[in-house]
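The values are calculated or read from the model by the stated rules, or taken from the named source; none is laboratory data. Keep in mind it's a predicted model, so treat the numbers as computed, not measured. Cβ placement follows ideal geometry from the backbone for every residue including glycine, while neighbour counts extend to all protein chains displayed. When the accessible area is computed, the model is the full protein with side chains, heavy atoms only, and any ligands, DNA or RNA have been set aside. Shrake-Rupley method; radii C 1.70, N 1.55, O 1.52, S 1.80 Å.
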Amino acid sequence: MSDDLIAVKPAVAAGTHVDAARHAAMTAEAIADPNGFWRREAGRIAWMTTPTQIKDVDFTGDVHIRWYADGVLNASVSCLDRHLATRGDQVAIIWEGDDPASDAKITYRELHARVCRLANALRAQGVKKGDRVTIYLPMIVEAAVAMLACARVGAVHSIVFGGFSPDSLATRIQESESTILLTADEGRRGGRKVALKANADEALKSCPTITSVIVARNTGGAVEMQDGRDYWWSDVCDSQPAECMPEPMNAEDPLFILYTSGSTGKPKGVLHTTGGYMVWASYTHELVFDYRPGEVYWCTADVGWVTGHTYIVYGPLANGATTLMFEGVPNYPDVGRFWQVVDKHKVNIFYTAPTAIRSLMREGEAPVRKHSRASLRILGSVGEPINPEAWLWYYRVVGDERCPVVDTWWQTETGGILISPLPGAVAQKPGSATLPLPGVLPALVDGEGKLMEGAAEGNLVLLDAWPGMMRTVYGDHARFVQTYFSTFPGMYFTGDGARRDADGYYWITGRVDDVINVAGHRMGTAEIESALVAHTKVAEAAVVGMPHDIKGQGIYAYVTLKTGIEPTDALKKELIAWVRKEIGPIATPDAIQWAPGLPKTRSGKIMRRILRKIAANEVDGIGDTSTLADPTVVTDLVDNRVG
Ligand code: 6R9
């Protein structure tokens, strides 16, 4: 690990929202007077009724988390209406297509009108406050319109990433009991088409709660439209008025559900509410990216992930920013695509994932140097640990040593960034997410939950709440308490491990549970295992992460076949295709090893520690196998390791 300190440059500190002194003052104030601090920060969004109650939190017992509980607001008003007088004609969204020849610019006034039309159409379809609406859209402007229209009528949106399979979509619709699905004919990515409507049709065979499907015409590809259920977006929206009364929402009314993978069982519906989430989205977007009016801001995530929710839509729009939405991928039509877009739209702030940086790094400096990148001011990273080598390449080659790199640590559950340098205040260290934002109280605990002081390595927890954190698991509060507050009672457990150095800087080391992070996509090993065992020829499966140069982690699956089934290469291919179909391409196994037996304890628990070591080819570190029911299985697995 690199411990070089990269100081804040005077040019960056000049005119910053938060300099070092302010950072220290805010940090102290947020601890000394959280109610006063967060009452003031609430002023950054638009309220119909200003809250007088600020923080009401208990991390023990049944766990309740309430912020601004008597406040009333509508998230879409903060993102749209209140900007109309001052920046109605400013571009809100720059849309850049997968095809470099296609783009669009939408002003705040146009976005407001499009959101209102869809909101009216949703009401006409019978959508009421509290109803769930599933969104399965590609990275087109309609995705942002859909989110804000749901917010406008008080519907709770649940976005399903367009790369998920019909099965994954169906489970998420069933779990949320959505009544409406918003989708498109097809999506585009890297010159290929994604059959969204066809996937949706497949999923809807097992989703009786859905009464209507609203379909955006995107590629113009042929789709089947079911009479009485499916409507074209333009047909339901064009005739609607461009004004729509926003639904008054209590601060603690849900804004959205987002399903995310955990270490066990089905994906959890992470529930975020309105007031605290919006304050957090605005606060963190302004501080971490030091966003200044008039700047062009680009986050390369997909709206199907939490990063897209908070840092493509809600945060930037709450702050009146110009946010760029990109339909494409980093290497299409060529590996200079990101920098070509940066120059084309004069992007000032650029936020991407380490996996993208590593894949571009492999292509050398020339495709970067070909483009000027002179507009860039701040670079951000999110989604997984960034290795110092990739950090330094990002800093030196992409940012010409001019732009600070903000490595932002957070999770779907946290709603927004918790640990990150503020570019005008905190010196950076390549590979470290550095310090908590003012108002965030991370700590490290050992295996017994004992707080560790000073320089240490342990489990990353949060000792107190912040306004943007999740409130519950949708429909399963007991699972919320169990997952996040039972490992270390009274503390929120992140599932991550971290090291803290002598300067108090945090270095996230990765998940300590059975969640893996593949190319910045979070996945539960249990989900992939259950997809594998659903195949008729598979008796048992165990999945672990293995180190991968580009993706951070790859998927390594140990598969035990049913008696009499021949282990062939053709069957490996069949299983890989099967997992892609069951979950989606992001879950494609990188390696499958036939396992006549799995290392189990005498009580039948699979020893994943051993499987991880074999997958990583660290066979010397396997350690004690004497507690296994049959230690000889390990020898067989080591001898037949794949790769
Ligand atoms: C925002 C997002 C969350 C998990 C998290 C951690 C990893 C995210 C990171 C990072 C090291 C960073 N993670 N950012 N690890 N440094 N800057 O990615 O949410 O998809 O829920 O994933 O991602 O392991 O626990 P999500």
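All but one of (1) open to solvent by 20 Å² or more (accessible area, probe 1.4 Å); (2) closer than 30 Å to Y484 by Cα hold for V194; state the number of the condition that does not hold.
Condition not satisfied by V194: (2).
In the list T355, T414, which residue meets the criterion of being β-branched (V, I, T) and under 30 Å from A24 (Cα atoms)?
Answer to the selection: T414.
If you take the residues in region 370-383 that are in contact (Cβ under 8 Å) with a residue 40 or more places away in the chain and on the phi < 0 side of the Ramachandran plot, which one is farthest from the chain's Cα centre (by Cα)?
My answer is S375.
Of all residues being closer than 20 Å to P547 by Cβ and of a type in the set (S, T, N, Q) in region 365-389, which is farthest from the ligand (Cβ to nearest atom)? Just the residue, please.
The extreme case among them is N387.
Give the residues of region 347-372 that are more than 23 Å from T307 (Cα to Cα), of a type outside the set (A, V, I, L, M, F, W, C) and either open to solvent by less than 10 Å² (accessible area, probe 1.4 Å) or assigned to a helix (DSSP H, G or I) (or both), sorted by residue number.
Looking only at region 347-372, we keep the residues that are more than 23 Å from T307 (Cα to Cα), and these are 362-372.
Retained after the next criterion (residues that are of a type outside the set (A, V, I, L, M, F, W, C)): 362-365, 367, 369-372.
Hits for region 347-372 are P367, R369.
Taking the condition of being open to solvent by less than 10 Å² (accessible area, probe 1.4 Å), under 15 Å from the mean Cα position of the chain (by Cα) and not hydrophobic (A, V, I, L, M, F, W, C), how many residues in region 412-422 meet it?
Matching residues across region 412-422 total 4.
List, please: which pairs have Cβ atoms under 7 Å, are six or more places apart or on different chains, and start with a residue in region 15-27 that is in the same structural domain as D464 (by the TED database) and end with one that is of a type in the set (D, E) and in a helix (DSSP H, G or I)?
Correct list of pairs: H17/E286.
Conditions tested, residue by residue: (1) in contact (Cβ under 8 Å) with a residue 12 or more places away in the chain; (2) touching a His at 6+ places or on another chain (Cβ under 8 Å); (3) open to solvent by 20 Å² or more (accessible area, probe 1.4 Å); (4) assigned by the TED database to the domain that holds T307.
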| site | (1), (2), (3), (4) |
| --- | --- |
| L463 | yes, no, yes, yes |
| W466 | yes, no, no, yes |
| M469 | yes, no, no, yes |
| H477 | yes, no, yes, yes |
| P489 | yes, no, yes, yes |
| D513 | yes, no, yes, no |
| V533 | no, no, yes, no |
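If I go through region 553-571 residue by residue, how many of them are of a type outside the set (V, I, T) and assigned to a loop (DSSP other than H, G, I, E, B)?
4
Just give me the residues in region 572-603 being in a helix (DSSP H, G or I) and open to solvent by 10 Å² or more (accessible area, probe 1.4 Å), in sequence order.
Residues satisfying the conditions are K572, K573, E574, I576, A577, W578, R580, K581, E582, P585, I586.
For the condition within 13 Å of the ligand (Cβ to nearest atom) and at pLDDT 95 or above, what is the one hit in P438, P467, P421?
Numbers: P438 fails: within 13 Å of the ligand (Cβ to nearest atom); P467 fails: within 13 Å of the ligand (Cβ to nearest atom).
Only one candidate qualifies: P421.
If you scan region 545-568, which residues turn out to be buried (at least 24 other Cβ atoms within 10 Å of the Cβ) and either more than 19 Å from E529 (Cα to Cα) or out of contact with any Gly (no Cβ under 8 Å at 6 or more places or on another chain) (or both)?
Answer for region 545-568, where residues must be buried (at least 24 other Cβ atoms within 10 Å of the Cβ) and either more than 19 Å from E529 (Cα to Cα) or out of contact with any Gly (no Cβ under 8 Å at 6 or more places or on another chain) (or both): G552, A557, Y558, V559.
Pick from Y259, Y291: which is part of a loop (DSSP other than H, G, I, E, B) and of a type outside the set (A, V, I, L, M, F, W, C)?
Y291
Within region 501-509, identify whether any single residue is within 16 Å of the ligand (Cβ to nearest atom), assigned to a strand (DSSP E or B), modelled with pLDDT of 95 or more and closer than 25 Å to G308 by Cβ, and answer yes or no. If you could, list the steps in order and put the result at the bottom.
Keep residues of region 501-509 that are within 16 Å of the ligand (Cβ to nearest atom), which gives 501, 505-509.
From the residues that got through so far, the ones that are assigned to a strand (DSSP E or B) too are 506-509.
Right, trim to modelled with pLDDT of 95 or more and you get 506-508.
Then keep just the ones that are closer than 25 Å to G308 by Cβ; that gives 506, 508.
Scanning region 501-509 turns up at least one residue that is within 16 Å of the ligand (Cβ to nearest atom), assigned to a strand (DSSP E or B), modelled with pLDDT of 95 or more and closer than 25 Å to G308 by Cβ.
I'd like to know if region 28-36 contains one or more residues that are in contact with a strand residue (DSSP E or B) (Cβ under 8 Å, 6 or more places away or on another chain) and free of Cβ contacts under 8 Å to residues at least 40 places away in the same chain.
Looking for residues that are in contact with a strand residue (DSSP E or B) (Cβ under 8 Å, 6 or more places away or on another chain) and free of Cβ contacts under 8 Å to residues at least 40 places away in the same chain, one finds at least one in region 28-36, hence yes.
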